[in-house]
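S.K.: I'd like to ask some things about the structure below.
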Amino acid sequence: MESIGMAMVGREAEQAELAAFVKAAAGQALILRGETGVGKSSLLAYAAAVAEQEGHAVIRAAGVEAESALPYAGLHQFLHPMLAGVADLDDGSQAAFEAVFGRADSAPPSVMTLGIAVLSLLSLAAARRPLLLVLDDGQWLDDSSADICGFVGRRLAGSPVKLLVGVRTDIASRFDTAALPELPVAALSEQDAERLLTQRFPTLGKQIRAMVLEQARGNPLALLELPAHLGGAAQGEAGLESLVGELGMPLPRRLQQLYGTRITALSQAMREELLMGALDGAGTGQIGAGTGQIGAGTGTGTGPGARYRMREAEEAVAAGLLEIEPATGDFAFRHPLVRSAVVQMATPNQRRAAHQGLAQVHRENLERRATHLAAATVDPDEEVADILEAAAESATKRGGALAAVAWLTRAAELSEEHTGRSRRLADAAFVAGHAARLGQAHRIVQYGLGPGSADAPASVLATAYQALYQDGDVLSTHRQVASAIERRVQTAPAEAAGAAGAAEAAGAAEADEVLTRLVNLLLAISQYAGDRTAWERTHGLLADLGDRITERSRLYGNTWSDVIRHGAGSAEAIEQAAAKLAGQEPWEVTRLAVAAYHLDQLGAFRPHLRGIVDRELETGAVASGMVMLHLIMLDQMAVGEWDGAQDTGRRVLDLAVEHGHELFATQSRAYLAQLAALRGQLGPARDLQAEVDAWARPRGLGFLTQLADAAGATAALSAGDYESAYLYAIGITPPGEFRPYAYQAPRTLLDLVEAARHTGRAEQARQHALAAREAGLPTLSPRLALITYGALAMTAESEKEAAEMFALAEAQPEASRFPFELARIRLAHGIRVRHVEGRAAARQFLLPAAEAFERLGASGWTERARAELRATGAVPRASMLNLASLTWQERRIADLAASGLTNKEIGKRMHLSPRTVSSHLYRIFPKLGITTRAALRDALSRTEEGPES
């Protein structure tokens, strides 16, 4: 390939664009994309040289095929030099890096959180002089690192940092969808190819010259390497015959074969040295200890943070296989094809010996050591299997579930005992299932256990996962998993029975991980079934298991089934668990969060879910990630963030369809139906409801059919069709009771009560409100307390009771966290007050209800509230509908301005400049339909006097 020291032939346009890229004031990213040998590496080196001449700092990294499955291995190449030199990194960014590089046992951050931390680090590193990041062979970068590079690359504007990436066109990578600008690097033109060949080989014979040009097809690497090869092959008839046989060979393969000829000519010791370097990414940057620890390693080639450094390799330099890095003096492969040729030329025994040596080099780096040991070991070795298992656990906690599956599968192959092999294969299938690789999970079990193993726990788990999530089969899977639990209890070693005491028995129960997985899956199946018979059998099994069931599983059984009958006392346990989420497996986090949802405690989990969901969706437990998105959506709906909920719902629906999880796809449609119903979008709501019902009802999926009925009730209430709303509501539970194991029964309390009141069924409405109080709903969750007291206020038999119950509802500490329910209760109470106390007294309830509905975007409810306001004699403000368009900051500024404060006084209160306040007011006026500051008070007045009734 062309030397950087001389002009590059035929690359004037690319060099000019790269020079402009480097010298530009604004930060930016650029991908160089081209075929193997087209000159990407030379162009990257040229850009780096320009940057250094301009006084920029340059950090280089390269993707390594052997590391493409190691989470964040590539990212650490970039960050290691900066982390070692930056002292004032903020605690949040430091914690993010410690989590992903394995120094802290805490939950790994999301792509956004880690990306922001990287941007902060880059900003500090570039504070003194601009920074250029150069990544070669980006197609081999691990997915986690590539995602962060894409995130960062899209956000470099305004910074002194630039990112330049080289990728091959023939290998798919995350950079294909990174949405970064690209510079295609094409083959040289015929004229430029001739010019390069003449410049480098002026004495080349005419015949060989024509053959080189024909075969190279403008590829610079081929133009530089083929002359010697073709010249030698053309000597004699045998050489020509050999040459003719190569004509149909793809160019990369031919070049690799050319390098193989040179490798064969090297001494044995030199070939072994090259193999060690090729398998460890020699010359591509530093790594960290542990799993890539911050600041680890000295770069000397002997510390735990260094890659293998090739020594005494001048022979390979002379053969044109290696070059010497000017900055470090290290030996580096001249081209990635050389590295590939070295590995392919080695025998299996030679590769295993090299991996064994590298495992010793990286003995303090768990995941890297595991990678090499997995490749080095042939016969069963329990010590190696244990190391691979530990690496899998480490990777899972850092978002690398897919890498964990590979390590666990290999650990099973190396297990010395059948029990260890079966356990590790079961673990691999379990993780694969949670990574939305249901087919892979099933294949792992079939591969490991063979035919006739359908009743084995691992096989039952894999089969049931696939049947449940792909087909929505709760009937046969419940029987299958329940039977597997019964067999497990009868046949598994009775640790508890043989224990000396209660403590030892409890410890033995905790140790039966297979039983716990079966139990948790049975609980999930029972939840989706939503069927009393299924749940009663499940609870019967849990009772029979006694101490063999974990406390967590017992918590899930109590909250997922029926919070009215089993959920009492669970809130405290969930609250304690919410404070200890860091370092837990993603599926354990989602199970706890589902329990929190049933008790309306999702708010405590949502920040953590937000922090890890992107990571899991990219390279981790995708199925758990989809559940996380469902939970995030539900919390967004509860707190009134309906636009965000819409986006989250569409995202998880697309993911579920992509991964073939029809159960999750239908669940997503059910939540979207409920959201559309809340917003008064009746057509979409009813279409989605019908789709959910048609898929779920024949399968006996009570969880989803209840959601469909709830969406139907909400849509009917939004349209004022109270009779239909009542019929949908009593389909979930009859009035005056809460059907066992119907989880939507307490959630639709207000729907049934309001529909009953508006259809002349006042007695049924009252019975249902009283039943809610008698069932203890106010003690279970803040939301259930709010709607129970609201229902009692709506159905109160005296005005005194109505006022007392309404006051209790409004006084709930978290009432404002559920704005839709609170607005419904205020609207109903305002209507009652208008009829009893007069119009003026009602406005204090009706106006905040109307504003809340408007802000939420609940169109049907908004119109109803505005009609009630008109009935009080208060003409609804023309600007009321526009209030919802104000941001909270704009609303606050408008309120302060309406109170008479000057821009300077407002700015002092809100920590804004007077000019910024003026700009906000300039945008606020047209939104409210006013033109003067004096009109603000009228536009924002919370009450308007009118004649009393």
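The values are calculated or read from the model by the stated rules, or taken from the named source; none is laboratory data. The shown structure was predicted, so the numbers you read here are calculated from the model rather than taken from an experiment. Methodologically, a virtual Cβ is constructed for each residue, glycine included, from the backbone with ideal geometry; neighbour enumeration extends over all protein chains shown. When the accessible area is computed, the model is the full protein with side chains, heavy atoms only, and any ligands, DNA or RNA have been set aside. Shrake-Rupley method; radii C 1.70, N 1.55, O 1.52, S 1.80 Å.
S.K.: Every residue in the range 728-758 that is open to solvent by 40 Å² or more (accessible area, probe 1.4 Å) and over 30 Å from Leu523 (Cβ atoms), please.
M.R.: Arg757, His758
S.K.: Could you run through the range 770-797 and say how many residues are within 19 Å of Ala815 (Cβ to Cβ), over 41 Å from the mean Cα position of the chain (by Cα) and part of a helix (DSSP H, G or I)?
M.R.: Of the residues in the range 770-797, 3 are within 19 Å of Ala815 (Cβ to Cβ), over 41 Å from the mean Cα position of the chain (by Cα) and part of a helix (DSSP H, G or I).
S.K.: Counting residues that are basic (Lys, Arg) and modelled with pLDDT under 85, which helices (runs of 4 or more DSSP H) fully inside the range 356-435 reach at least 3? So that I can check it myself, show each step before the final result.
M.R.: On the way: elements: 366-376, 382-397, 401-413, 418-434.
Those helices (runs of 4 or more DSSP H) span 418-434.
S.K.: For the range 530-551: of the residues being under 24 Å from Arg747 (Cβ atoms) and out of contact with any helix residue (DSSP H, G or I) (no Cβ under 6 Å at 6 or more places or on another chain), which is least open to solvent (accessible area, probe 1.4 Å)? Working first, answer last.
M.R.: Initial filter on the range 530-551 (under 24 Å from Arg747 (Cβ atoms)): 530-536, 538-539.
Retained after the next criterion (residues that are out of contact with any helix residue (DSSP H, G or I) (no Cβ under 6 Å at 6 or more places or on another chain)): 532-533, 536, 539.
Numbers: Arg532: 126, Thr533: 100, Glu536: 92, His539: 35 Å².
Filtering the range 530-551 for residues that are under 24 Å from Arg747 (Cβ atoms) and out of contact with any helix residue (DSSP H, G or I) (no Cβ under 6 Å at 6 or more places or on another chain), the one least open to solvent (accessible area, probe 1.4 Å) comes out as His539.
S.K.: Follow-up. Could you run through the range 769-816 and say how many residues are β-branched (Val, Ile, Thr), out of contact with any His (no Cβ under 9 Å at 6 or more places or on another chain) and open to solvent by less than 20 Å² (accessible area, probe 1.4 Å)?
M.R.: Residues in the range 769-816 being β-branched (Val, Ile, Thr), out of contact with any His (no Cβ under 9 Å at 6 or more places or on another chain) and open to solvent by less than 20 Å² (accessible area, probe 1.4 Å): 2 in total.
Yes or no, residue by residue, for (1) among the hydroxyl-bearing types (Ser, Thr, Tyr); (2) buried (at least 19 other Cβ atoms within 10 Å of the Cβ); (3) within 29 Å of the chain's Cα centre (by Cα); (4) on the phi > 0 side of the Ramachandran plot:
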| site | (1), (2), (3), (4) |
| --- | --- |
| Gly644 | no, no, yes, no |
| His659 | no, yes, yes, no |
| Ala685 | no, yes, yes, no |
| Ala715 | no, yes, no, no |
| Gly720 | no, no, no, yes |
| Ala725 | no, yes, no, no |
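S.K.: Those residues that are touching a residue at least 24 places away in the same chain (Cβ under 8 Å) and not hydrophobic (A, V, I, L, M, F, W, C), I need them from the range 364-378; list them, please.
M.R.: If the condition is that a residue be touching a residue at least 24 places away in the same chain (Cβ under 8 Å) and not hydrophobic (A, V, I, L, M, F, W, C), then Glu364, Asn365, Glu367, Arg368, Thr371, His372, Thr377 are the ones that fit.
S.K.: Next question, about the same structure. For the range 145-154, state whether one or more residues are loosely packed, with under 15 Cβ neighbours inside 10 Å and of a type in the set (A, V, I, L, M).
M.R.: no
S.K.: While we're looking at this one, here's another question. Quick one: count up the residues across the range 618-636 that are open to solvent by 20 Å² or more (accessible area, probe 1.4 Å) and at pLDDT below 95.
M.R.: Restricting attention to the range 618-636, the residues satisfying the condition of being open to solvent by 20 Å² or more (accessible area, probe 1.4 Å) are 618, 627, 634.
Filter once more, keeping what is at pLDDT below 95: 618, 627.
Result for the range 618-636: 2.
S.K.: Given the conditions (1) touching a Lys or Arg at 6+ places or on another chain (Cβ under 9 Å); (2) among the aliphatic types (A, V, I, L, M); (3) open to solvent by 30 Å² or more (accessible area, probe 1.4 Å), report the number of the one that Ala579 does not fulfil.
M.R.: Only one criterion is unmet by Ala579, namely (1).
S.K.: Looking at the range 471-527, which of the residues that are open to solvent by 70 Å² or more (accessible area, probe 1.4 Å) and within 23 Å of Gly660 (Cα to Cα) is modelled with the lowest pLDDT?
M.R.: Asp471
S.K.: Inspect all residues belonging to the range 754-763 and state whether any of them is in contact (Cβ under 8 Å) with a residue 40 or more places away in the chain, part of a helix (DSSP H, G or I) and under 21 Å from Thr862 (Cα atoms).
M.R.: Looking for residues that are in contact (Cβ under 8 Å) with a residue 40 or more places away in the chain, part of a helix (DSSP H, G or I) and under 21 Å from Thr862 (Cα atoms), one finds at least one in the range 754-763, hence yes.
S.K.: Now for a different question. Identify, by number, the condition in (1) surrounded by fewer than 14 Cβ atoms within 10 Å (Cβ to Cβ); (2) under 24 Å from Gln256 (Cβ atoms) that Ala193 doesn't meet.
M.R.: So Ala193 meets the others, but not (1).
S.K.: Sticking with this one: Tally up the residues in the range 318-377 that are of a type in the set (Ser, Thr, Tyr), over 12 Å from Ala278 (Cβ atoms) and open to solvent by 20 Å² or more (accessible area, probe 1.4 Å), please.
M.R.: Selection size over the range 318-377: 3.
S.K.: A further question on this structure: Cβ-Cβ distance below 8 Å, separation of 6 or more or different chains: which pairs start in the range 465-490 with a residue that is of a type in the set (Lys, Arg) and end on one that is open to solvent by 50 Å² or more (accessible area, probe 1.4 Å) and part of a helix (DSSP H, G or I)?
M.R.: Matching pairs, first to second residue: none at all.
S.K.: I'd like to verify a number: residues in the range 856-906 that are modelled with pLDDT of 80 or more, touching a Lys or Arg at 6+ places or on another chain (Cβ under 8 Å), open to solvent by 20 Å² or more (accessible area, probe 1.4 Å) and closer than 18 Å to Arg834 by Cβ, how many?
M.R.: 2
S.K.: For the structure I just gave you, tell me whether Arg60 is within 17 Å of Phe333 (Cβ to Cβ), open to solvent by 10 Å² or more (accessible area, probe 1.4 Å) and not in a helix (DSSP H, G or I).
M.R.: Considered against the rule, which asks whether it is within 17 Å of Phe333 (Cβ to Cβ), open to solvent by 10 Å² or more (accessible area, probe 1.4 Å) and not in a helix (DSSP H, G or I), Arg60 comes out as yes.
S.K.: For the range 314-344, give me each residue that is assigned to a helix (DSSP H, G or I) and either β-branched (Val, Ile, Thr) or in contact (Cβ under 8 Å) with a residue 60 or more places away in the chain (or both). Give the derivation first.
M.R.: Here is the first cut: in the range 314-344, the residues assigned to a helix (DSSP H, G or I) are 314-318, 336-344.
Within the range 314-344, Val317, Pro336, Leu337, Val338, Arg339, Ser340, Ala341, Val342, Val343, Gln344 qualify.
S.K.: Condition first: open to solvent by 30 Å² or more (accessible area, probe 1.4 Å) and in contact (Cβ under 8 Å) with a residue 12 or more places away in the chain. Now tell me which residues in the range 387-408 satisfy that. Before the answer, list the steps.
M.R.: Applying the first criterion (open to solvent by 30 Å² or more (accessible area, probe 1.4 Å)) to the range 387-408 yields 389-390, 393, 397, 402, 406.
Answer for the range 387-408, where residues must be open to solvent by 30 Å² or more (accessible area, probe 1.4 Å) and in contact (Cβ under 8 Å) with a residue 12 or more places away in the chain: Glu389, Ala390, Lys397, Leu402, Ala406.
S.K.: Another question, then. Does Ser173 count as under 18 Å from Val100 (Cβ atoms), modelled with pLDDT under 90 and buried (at least 19 other Cβ atoms within 10 Å of the Cβ)?
M.R.: no
S.K.: Could you go through the range 39-56 and let me know if any residue there is touching a Ser or Thr at 6+ places or on another chain (Cβ under 6 Å), at pLDDT below 90 and open to solvent by less than 20 Å² (accessible area, probe 1.4 Å).
M.R.: no
S.K.: Something else about it: Look through Leu240, Leu247 and report the one residue that is farther than 20 Å from Ala319 by Cβ, under 51 Å from the mean Cα position of the chain (by Cα), open to solvent by 60 Å² or more (accessible area, probe 1.4 Å) and at pLDDT below 85.
M.R.: On the way: Leu240 fails: under 51 Å from the mean Cα position of the chain (by Cα).
Only one candidate qualifies: Leu247.
S.K.: Those residues that are at pLDDT below 85, on the phi < 0 side of the Ramachandran plot and over 16 Å from the mean Cα position of the chain (by Cα), I need them from the range 98-127; list them, please.
M.R.: Glu98, Phe101, Arg103, Ala104, Asp105, Ser106, Ala127
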